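The values are calculated or read from the model by the stated rules, or taken from the named source; none is laboratory data. Computed from a predicted model, the values in this text were never measured in an experiment. Reconstructed Cβ throughout: ideal geometry from the backbone, glycine too, with neighbour counts over all protein chains shown. Heavy atoms of the whole protein, side chains included, go into the accessibility calculation; ligands, DNA and RNA do not. Shrake-Rupley method; radii C 1.70, N 1.55, O 1.52, S 1.80 Å.
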Amino acid sequence: MTNREIENKLSCLVKEERRITTEILKLLNLAESRKLHLEFGFSSLFDWLVRGFGYSESAAYRRIEAARLIREVPEAEAKLNSGVVNLTTLTKARAAIRAEEKRTGLRVSRAEVVRAIENKSSAEAEKTLFQMFPETKSAKFNIEVSEQTFNDLKWAKDHLSHTLPNAGLAEVVAHLAIQFRTSAAKNRRV
């Protein structure tokens, strides 16, 4: 195989991968609207993707978040399909939008945010989002937990879904920390 043939084949496969990814996201939106995960015995769409389809937790999260943003900004589908945006930048955009809306109580223009991250790498998109929403800057850290702790966090996430709809594990941990701090403060007053 010549170098040109490798490049051409790779180009075709990347385009096909984008098309398939876009189709998966559309199906995820349809499945979520019908709550299919419940029909198949899974507690959440996330759980269905991880345990039912074998996605890693981060891959499942990115697909769910990107699917939801595509549902909110239909033109983002064509941008994803053409490579103007990708799963990671869409996921970062949706997280920034949610954080800003939570902070201000005001609705953010999703289409404007998607336009702002077009043709940007993950790092560039993150910088753009920080410039758009400087108050939502957060610290980033990774932790390794036991399977039991992870299952406990997923249980808490499922049981807090009425309070924290569409929350990720980071939001659940933050919510639990605030509850603990509030409880501890009340107990000290007694």
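Has the range 17-40 got at least one residue that is open to solvent by 100 Å² or more (accessible area, probe 1.4 Å), of a type in the set (Lys, Arg) and outside any helix (DSSP H, G or I)?
The answer is yes, given that some residue of the range 17-40 is open to solvent by 100 Å² or more (accessible area, probe 1.4 Å), of a type in the set (Lys, Arg) and outside any helix (DSSP H, G or I).
Report every pair of residues separated by at least 6 positions or lying on different chains whose Cβ atoms are under 7 Å apart, first residue within the range 48-66 and free of Cβ contacts under 8 Å to residues at least 24 places away in the same chain and farther than 23 Å from residue 111 by Cβ, second assigned to a helix (DSSP H, G or I) and among the acidic types (Asp, Glu).
Every condition considered, the pairs that remain are 50/57.
For the range 80-92, which residues satisfy the criterion of being part of a helix (DSSP H, G or I) and open to solvent by 40 Å² or more (accessible area, probe 1.4 Å)?
Quick first cut of the range 80-92, residues part of a helix (DSSP H, G or I) only: 80-82, 87-92.
Of everything in the range 80-92, those that are part of a helix (DSSP H, G or I) and open to solvent by 40 Å² or more (accessible area, probe 1.4 Å) turn out to be 81, 82, 88, 92.
Out of curiosity, is residue 60 open to solvent by less than 40 Å² (accessible area, probe 1.4 Å), part of a helix (DSSP H, G or I) and closer than 24 Å to residue 152 by Cβ? Break it down stepwise before answering.
Details: open to solvent by less than 40 Å² (accessible area, probe 1.4 Å): yes; part of a helix (DSSP H, G or I): yes; closer than 24 Å to residue 152 by Cβ: yes.
Considered against the rule, which asks whether it is open to solvent by less than 40 Å² (accessible area, probe 1.4 Å), part of a helix (DSSP H, G or I) and closer than 24 Å to residue 152 by Cβ, residue 60 comes out as yes.
Output the qualifying pairs, or none if there are none: Cβ atoms under 6 angstrom, residues six or more apart or on different chains, first residue in the range 69-97 and farther than 10 Å from residue 114 by Cα, second residue hydroxyl-bearing (Ser, Thr, Tyr) and open to solvent by less than 10 Å² (accessible area, probe 1.4 Å).
From the range 69-97, the pairs are 77/22; 80/22; 81/22.
Considering only the range 115-148, state which residues are open to solvent by 100 Å² or more (accessible area, probe 1.4 Å), at pLDDT below 95 and either within 22 Å of residue 84 (Cα to Cα) or not in a loop (DSSP other than H, G, I, E, B) (or both).
First pass over the range 115-148, keeping only residues open to solvent by 100 Å² or more (accessible area, probe 1.4 Å): 115, 119, 127, 131, 135, 137, 140-144, 147-148.
Keeping just the survivors that are at pLDDT below 95 gives 127, 131, 135, 137, 140-144, 147-148.
127, 131, 135, 147, 148, listed by residue number.
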